[in-house]
Amino acid sequence: MTIAIQPADLGFFSALASAGSLSAAARELGVTTPAVSKHLAQMESRVGVSLVNRTTRRMSLTPEGELYLEHARRILGEIDGMEELLGVAKATPKGLLRVNATLGFGRRHVAPLISRFVRKYPQVEVQLQLSVNPPPLTEDSFDVCIRFGAPPDARVIARYVAPNRRLLCAAPAYIAKHGMPRTPNDLARHNCIGIRQGEEAYGVWRLATGRARGATTETIKTRGNLATNDGEIAVTWALDGHGILMRAEWDIERYLRTGRLVQVLPQYYTPDADIHAVYPQRHQLAARVRAFVDFVTLSLTQQTASSKP
């Protein structure tokens, strides 16, 4: 009986997809192009579907090929993790690392960190997916999620990475025209830019005086004529002078420093959204996961320290 999917096929197909062509894969694998073509044809014959669309110069994956690749890389990553858990593999990080992050923070901060990370650890293959909302923690879609706030789920590990304050801000032009709020209740008379993210209540801002047990919190129902689920768009609207915005310090610090935005009600505290690296407990010993989380933590800690006067 012929086995449709053989273990050697997984690494071969992953390398082929990464190379982008049969000839490039041949160079990567140290074999001839006809050998690569033969191996692929044998794979397709065994599974009974076409995995690759071939052209003269390039190739592309069929929908079945995309599905095959997704599962192949996941399985290869799990094999690497099992070797690390058993102490078989060396401590050098390697294998597939699937990372999820939010749109704005992922583009501006996580993607550049990954660029530097793979230069340091070239045997790690990183897949980064950005999403408005974090994926469900019960799904096995990612190895590490960079998210705001610690999740209330004991089945995952949430490692503190860096502080993240939410601040109220507005453009100087808006403040000059509409005045600076003095109390939280004043916000009800201002145009407030709304951001809909996760399960947070829409249009409700909570501001506190003091911290911990001595804090007194006021809940303000805001209003405004602009709202979005994209934080970068909301910041752009604030820069254009449309209203007051509540946004993470990581996203607006450079505009506060240059004066393009000014802080509103700085004497009040808004809910923290500290940055955490979240990953399943079974991945805590995987070298690639440990190395990535350590790298992100050190990099963002250094960035936080350098941004302070």
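Just one of (1) surrounded by fewer than 18 Cβ atoms within 10 Å (Cβ to Cβ); (2) modelled with pLDDT under 90 trips up VAL118, so point out which. Against the list (1) surrounded by fewer than 18 Cβ atoms within 10 Å (Cβ to Cβ); (2) modelled with pLDDT under 90, VAL118 comes up short only on (2).
Every listed requirement among (1) modelled with pLDDT of 85 or more; (2) hydrophobic (A, V, I, L, M, F, W, C); (3) open to solvent by 60 Å² or more (accessible area, probe 1.4 Å) is met by ALA91 save one, (1). As a summary of the residue check, LEU67 satisfies the conditions (1) closer than 26 Å to VAL99 by Cα; (2) outside any helix (DSSP H, G or I) except for the one numbered (2).
A Cβ distance below 6 Å, combined with a sequence gap of six or more or placement on separate chains, defines the contacts here; from region 203-218, residues that are within 21 Å of ARG189 (Cβ to Cβ) and among the small types (Gly, Ala, Ser) reach residues that are modelled with pLDDT of 70 or more and open to solvent by less than 60 Å² (accessible area, probe 1.4 Å) in the pairs GLY203/GLY194; GLY203/THR222; ALA208/ALA215.
Taking the criterion of being touching a helix residue (DSSP H, G or I) at 6+ places or on another chain (Cβ under 6 Å) and without any contact (Cβ under 8 Å) to a residue 60 or more places away in the chain, the residues of region 14-28 that qualify are ALA15, LEU16, ALA17, ALA19, LEU22, SER23, ALA25, ALA26, GLU28.
Scanning region 157-169 for residues that are under 18 Å from GLY231 (Cα atoms), in contact with a helix residue (DSSP H, G or I) (Cβ under 6 Å, 6 or more places away or on another chain) and modelled with pLDDT of 90 or more yields LEU167, CYS169. Looking at LEU265, LEU261, LEU256, just one residue is surrounded by fewer than 16 Cβ atoms within 10 Å (Cβ to Cβ), of a type in the set (A, V, I, L, M) and touching a strand residue (DSSP E or B) at 6+ places or on another chain (Cβ under 7 Å), and that residue is LEU256. For region 121-134, the candidate set comprises residues that are under 16 Å from SER14 (Cα atoms) and in contact (Cβ under 8 Å) with a residue 24 or more places away in the chain; within that set, the residue that is most open to solvent (accessible area, probe 1.4 Å) is GLN123.
Might you check whether a residue that is modelled with pLDDT under 85, out of contact with any Phe, Trp or Tyr (no Cβ under 7 Å at 6 or more places or on another chain) and in a strand (DSSP E or B) occurs anywhere in region 280-292? Outline the logic, then answer.
Looking only at region 280-292, we keep the residues that are modelled with pLDDT under 85, and these are 280-287.
Filter once more, keeping what is out of contact with any Phe, Trp or Tyr (no Cβ under 7 Å at 6 or more places or on another chain): 280-287.
Cutting the leftovers down to in a strand (DSSP E or B) gives us 280.
Yes, the conditions are met somewhere in region 280-292.
Applying the criterion of at least 3 residues that are in contact with a helix residue (DSSP H, G or I) (Cβ under 7 Å, 6 or more places away or on another chain) and at pLDDT 90 or above to the strands (runs of 3 or more DSSP E) found wholly in region 175-276 leaves 244-248. Go through the residues of region 48-58 one by one and say whether even a single one is at pLDDT 90 or above, crowded, with 16+ Cβ neighbours inside 10 Å and assigned to a loop (DSSP other than H, G, I, E, B). Yes, region 48-58 has at least one match.
The values are calculated or read from the model by the stated rules, or taken from the named source; none is laboratory data. What you see is a predicted model; the values in this text were computed from it and never measured. So basically every Cβ, Gly included, is an ideal-geometry build from the backbone, and we count neighbours across all protein chains shown. Keep in mind that these areas ignore ligands, DNA and RNA; they rest on the heavy atoms of the full protein, side chains included. Shrake-Rupley method; radii C 1.70, N 1.55, O 1.52, S 1.80 Å.
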